[in-house]
Amino acid sequence: MESQLIETHNNTTELEVRLSVSEKQLEDLRTEDTVQSVQLSLIESRLTDSCNNTTELEVRLSVSEKQLENLKTESKELEVRLSVSEKQLEDLKAENTVQSVQLSLTESRLTDSCNTTTELEVRLSVGEKQLEDLKTESEVQSVQLSLMESRLTDSHNNTTALEVQLRSTETQLGQLENHTAALEVRLSVSEKQLEHLMAENTVQSVQLSLMESQLTETHSSTAVLSVRLNEAQDRLQQLRNINSGGLKVAFSAGLTDSGSVGPFNEQTTLIFSKTITNIGQAYNQTAGVFTAPVRGLYFFSFTAADYLKGYMGLYLYRNNQPIIFSLDLNDHGGYASTSNGVALQLEEGDGIRLSLPASYRLYDDSRNFSVFSGFLLFPL
């Protein structure tokens, strides 16, 4: 019995020794596991900044902690505790081996992540440099776009002016076509009258022959008739002078309602088509010419306007002779005008007109910025 007790005691002692060794190994493993847990936490913190992929390690760590808690509570029998401890020891060794492999893999992935981060930083620097270049190029293109928009605005203004000139030219062309049609009608009437005159001339030629024979017979009385004729012409001139004293002639006309007139490639007679006053009907609004009905002293004036920068001016002509030239410089780009006037002695049938020089332009609308006027002061 004592031998069995001694044997049992020895077995118990051996088991206690084995248990102590196992507990010591378990404690070492716990310590090592604690150190590895700290390392794993640091690695997990580093992995969180790079790829956030540590879920599997956390699950395994939780399982290990739960197993360690179970080891603390399973100590009723030394054999069972020893077996369980040894089994847990083997499991922990295997798990530590796995964790060591995972740690190596994690460090490798961390190294790759660092390399990737460095590469991304280099690519970011290149991208920022390209972005700066694109900004510089964009600024240059913005300046070019502003210049193109300015040139487009100038082109649009020129196009608008050309459209206004085209409408004015079309209006003048329509007026000229109407005038040409009227001239054709007058020409037809004149040709018909010429035919009548030719027939009459044939009859008159016969009559002239008869009259020549009679003239030979009445030659002696020609001197008396000449004296009487001179007296009659003197009286007729006196009557003309008396009648002319009551003649009233005056006109005013606006240029156009269409806006800009000109510039033209050559000097052009201006057609002041808006008749304001035309007493005596001496001004022809189709041709733009005033024709003196009697010999006398006349006064003419004009005002011309424009709104673009540059020179503006026009000539006043008597027949084909330039009398005055009015010139002004519009240097501010707003509305500007020039005016002039002159008194002229005209013979019956003399024509007065205003002419626009080549490359010059004027402006008028319903407000009558540009006006041509004239009137008879007194006959001579």
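For this structure, a couple of remarks:
- Residue 376 over 19 Å from residue 250 (Cα atoms), touching a residue at least 12 places away in the same chain (Cβ under 8 Å), more than 33 Å from the chain's Cα centre (by Cα) and buried (at least 21 other Cβ atoms within 10 Å of the Cβ): no
- Looking only at residues of the range 252-289 that are more than 33 Å from the chain's Cα centre (by Cα) and among the small types (Gly, Ala, Ser), we find that the one that is nearest to residue 350 (Cα to Cα) is 282.
- When the range 296-311 is filtered for residues that are open to solvent by 40 Å² or more (accessible area, probe 1.4 Å) and either closer than 14 Å to residue 271 by Cβ or among the β-branched types (Val, Ile, Thr) (or both), only 303 remains.
- Restricted to strands (runs of 3 or more DSSP E) entirely inside the range 224-295, those with at least 2 residues that are surrounded by fewer than 17 Cβ atoms within 10 Å (Cβ to Cβ) and modelled with pLDDT of 90 or more are 274-279.
- Test for residue 314: is it in contact with a Phe, Trp or Tyr (Cβ under 9 Å, 6 or more places away or on another chain), surrounded by 18 or more Cβ atoms within 10 Å (Cβ to Cβ) and more than 21 Å from residue 256 (Cα to Cα): no
Quick grid of which residues meet (1) of a type in the set (D, E, K, R); (2) surrounded by 12 or more Cβ atoms within 10 Å (Cβ to Cβ); (3) at pLDDT 75 or above; (4) out of contact with any Ser or Thr (no Cβ under 9 Å at 6 or more places or on another chain):
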{"residue": "28", "(1), (2), (3), (4)": "yes, no, yes, yes"}
{"residue": "35", "(1), (2), (3), (4)": "no, no, yes, yes"}
{"residue": "41", "(1), (2), (3), (4)": "no, yes, yes, yes"}
{"residue": "46", "(1), (2), (3), (4)": "yes, yes, yes, no"}
{"residue": "54", "(1), (2), (3), (4)": "no, yes, no, no"}
{"residue": "61", "(1), (2), (3), (4)": "no, yes, no, no"}
{"residue": "67", "(1), (2), (3), (4)": "no, yes, yes, yes"}
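The values are calculated or read from the model by the stated rules, or taken from the named source; none is laboratory data. Note that the coordinates shown come from a computational prediction; the quantities given were computed from them, not determined experimentally. Because the Cβ atoms are built from the backbone with ideal geometry, glycine has one as well, and the counts that use them run over all protein chains shown. Heavy atoms of the whole protein, side chains included, go into the accessibility calculation; ligands, DNA and RNA do not. Shrake-Rupley method; radii C 1.70, N 1.55, O 1.52, S 1.80 Å.
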